[in-house]
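A.B. asks: Sharing a structure with you now.
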Amino acid sequence: MPHHDRIDPYLLAAYYYMNEAPTGKFTKTLPQITRCLEVLPKTEQQLWPLSVLGLIHQDQGKPEKAIETYKKVLEMDPKFPFPYVYWGSALASLGDHDGAIGLYKKGISLVNSEYPYPMVISHGNKLWADSLVAKGKVDQAEARFKKTIDHFSYDKSFPIANALIHNAYGLFLMKHHPDQATLAEDHLRKAIYYHNSPKYYSDLQQAVKKRVPF
């Protein structure tokens, strides 16, 4: 038995995806996803591999194919929240922001003790705000960011979810309220506090350079 079969095949696929997503080339991820779909039972164990396959289709500029994949996931488990958010982002890329918002709402509403995924709340609301901006509803987008930040302010045990929404709100302020640069930087710093990500450091550096040119 090959060494990589000794661990959960999906964990290896997820690891490959996180490393290859920034490059847009999935030379290791796609074969491993295929492996997952071959060896894992056609039950809830395939929810995550199929979801990642949908994300790959989106990353490759194939939103329609991604949507087909998310629908397959939801046929297996219609209460699984992530595919609704991913499906919404695919619709948004096609310009259907109303349809996207409906799916974000659906995914967020399904987060509960059985499906405890704070990233659905954070990422779903961030994408919801993005769609509101695309529709010209900047004030509503800001309210969406603030409501989500308030939601997580009561529980800081979800650092990655907290980081995502603070970073997104900081970037939103930099773009739409440049007069609030100090507040924007504060949120960008909070993102780093919650999750030590190179991207978040880069975003903060760019924000500071705009305010204090060197």
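None of the figures in this text is laboratory data; all of them are computed from the coordinates on show. On a predicted model such as this, the values are computed, not experimentally measured, just so you know. With ideal geometry, Cβ positions are generated from the backbone for all residues, glycine too; neighbour counts draw on all protein chains shown.
A.B. asks: Taking 8 Å as the Cα distance limit and 6 or more residues as the minimum spacing, I'd like the relative contact order of region 1-78 as a percentage.
C.D. replies: After rounding, I find 25 percent.
A.B. asks: As a test of understanding, state the convex hull volume per residue of the chain from its alpha carbons, in Å³. Intermediate values should be presented prior to the final figure.
C.D. replies: Values: hull volume 30.6 nm³, N = 214.
Convex hull of Cα atoms, per residue: 143 Å³.
A.B. asks: So which aspartates and glutamates can residue 106 reach, going by Cα to Cα under 18 Å and dropping same-chain residues fewer than 8 places off?
C.D. replies: Answer for residue 106, where 18 Å is the Cα cut-off: 68, 75, 77, 96, 98, 114, 130, listed by chain and number.
A.B. asks: Step through the residues of region 178-189 one at a time and calculate ³J(HN,Hα) from phi using the Karplus curve (6.51 cos²θ - 1.76 cosθ + 1.60, θ = phi - 60°), rounding each to whole Hz and writing x for Gly and Pro.
C.D. replies: Residue by residue, region 178-189 yields x, 6, 10, 4, 5, 5, 4, 5, 4, 5, 5, 5 Hz.
A.B. asks: Each label point is 7 Å from the Cα along the Cα-to-Cβ direction; what then is the distance between the points at residue 196 and residue 94, in nm?
C.D. replies: Result for the modelled spin labels: 4.2 nm.
A.B. asks: Also, quick follow-up: Which entries of 72/126; 42/79; 135/199; 72/135; 65/137; 62/175 have Cα-Cα distances beyond 19 Å here? Could you put the intermediate results ahead of the total?
C.D. replies: Numbers: 72/126 25 Å; 42/79 17 Å; 135/199 27 Å; 72/135 29 Å; 65/137 29 Å; 62/175 28 Å.
Violating the 19 Å Cα-Cα cut-off are 72/126; 135/199; 72/135; 65/137; 62/175.
A.B. asks: Output the peptides 143-150, 29-36 sorted from most to least packed, where packing is the average of other Cβ atoms within 10 Å over each peptide's residues.
C.D. replies: 29-36, 143-150
A.B. asks: Under the definition of Cα pairs under 8 Å and six or more residues apart, what whole-number percent is the relative contact order of region 80-188?
C.D. replies: 20 percent.
A.B. asks: Continuing with the same structure: Can you tell me the Rg and the Dmax, both Å, for the Cα atoms in region 72-177?
C.D. replies: 13.5, 43
A.B. asks: Here is a follow-up. Can you tell me the Rg and Dmax of region 1-78, counting just the alpha carbons, in angstroms?
C.D. replies: Both quantities, over Cα of region 1-78: 12.3, 37 Å.
A.B. asks: Okay, moving on. Using the Karplus curve 6.51 cos²θ - 1.76 cosθ + 1.60 with θ = phi - 60°, what ³J(HN,Hα) values do you get for each residue of region 64-79, in whole Hz, with x for Gly and Pro?
C.D. replies: 5, 5, 4, 4, 4, 5, 5, 5, 5, 4, 6, 5, 6, 8, x, 9
A.B. asks: Name all residues of region 74-99 having a backbone nitrogen under 13 Å from the label point set 7 Å from the Cα of residue 109 along its Cα→Cβ direction, giving them as ranges.
C.D. replies: 79
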